[in-house]
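The values are calculated or read from the model by the stated rules, or taken from the named source; none is laboratory data. A quick note: this is a predicted structure, and the numbers were derived from the prediction, not measured. So basically every Cβ, Gly included, is an ideal-geometry build from the backbone, and we count neighbours across all protein chains shown. The protein model used for the area step is the full one, side chains on, heavy atoms only, and it has no ligands, DNA or RNA in it. Shrake-Rupley method; radii C 1.70, N 1.55, O 1.52, S 1.80 Å.
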Amino acid sequence: MTETAIIGGTGLTSLEGLEIVRREVVNTPYGEPSGTLIHGELKGHRVVFLPRHGSGHTIPPHKINYRANIWALQSIGVDKVIAINAVGGIDSGLKPGCLVFPDQIIDYTWSRTNTYFEEGLTNVVHVDFTHPYCEELRRHLIRAAQSAGLDAVTSGTYAATQGPRLETAAEVDRLERDGCHMVGMTGMPEAALAREQGLCYATCAVVANMAAGRGDEEIISMEMIKQHLETGMQRVCRLLEEVVPLL
Ligand code: HPA
């Protein structure tokens, strides 16, 4: 049986409203996933939840075993993945607390293992990534946000940076010149690995702060990020309750 998975990001290490049925440890050829897979029901629909940074939020973005996470999900029959990712807003229309469903991504990360196709190949593989997110799943997310009356932006380009530090103001200027609307640290290689595994994958980005040099504050504090994510994640929970029955 195929299932929908939710990968939680910063601010979403447990899922409100999820009735937990069981936890499953999955061993993968790529090492350990971020934690046990949590099987449960959301509004009566089966979902699997995996907190990307671990249940205690201890794994930084560049240390996440993205390959193990995606492999674990596909190995148990998951076919759709809703990824929740905290971002900084570059575009002035992306205010803290709001939700965004990006339709494009630019990868600025480095030294992360970013493919399944590197060893023991009989042929070199290049997967198509023209449209990095699953449009059907994006449409469902957009419809769900609209019917829940949530403040959401329906497209945009996600800049995936290496972290764990936040960007300089000049780096954010460059990202903006490149056409990016939001910046986060966990969008890649997760989206590409999901494509390599043939999963339908879409992101709900939650704006935690205005990106460096964009807000009124001189510096970006973790307190500020946490505060905005609390509001944003309440919206995410509403969104998930609304979208899961559509899938
Ligand atoms: N930059 C990168 N990643 C982030 C940010 C940011 O400003 N906010 C939340 N995740």
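Key figures
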| quantity | calculated |
| --- | --- |
| Viscosity 1.567 mPa s, temperature 4 °C, Stokes-Einstein D of the range 33-113 from Kirkwood C-alpha radius, µm²/s | 87 |
| Accessible area of the chain divided out per residue, in Å², using a probe of 1.4 angstrom | 46 |
| Charge dipole of the chain about the Cα centre (unit charges at C-beta), most positive-ward option of C98, G40, W110 | G40 |
| Protection-proxy order for peptides 221-227, 148-154, each taking the mean of Cβ atoms within 10 Å per residue, highest first | 148-154, 221-227 |
| Computed over the range 1-67, Kirkwood Rh from alpha-carbon pairs, angstrom | 12.4 |
| Directionally averaged projected area (convex hull, Cα atoms, the range 4-246), nm² | 12.5 |
| Accessible area of the range 133-241 belonging to carbon and sulfur atoms, whole % at 1.4 Å probe | 46 |
| The chain - share of DSSP beta bridges that are antiparallel (%, nearest 5) | 35 |
| Highest-fluctuation residue, V26, V207, V183 considered, GNM on the chain with Cα pairs under 10 Å | V26 |
| H57/L121 FRET efficiency (R0 35 Å; Cβ-Cβ; nearest 0.05) | 0.45 |
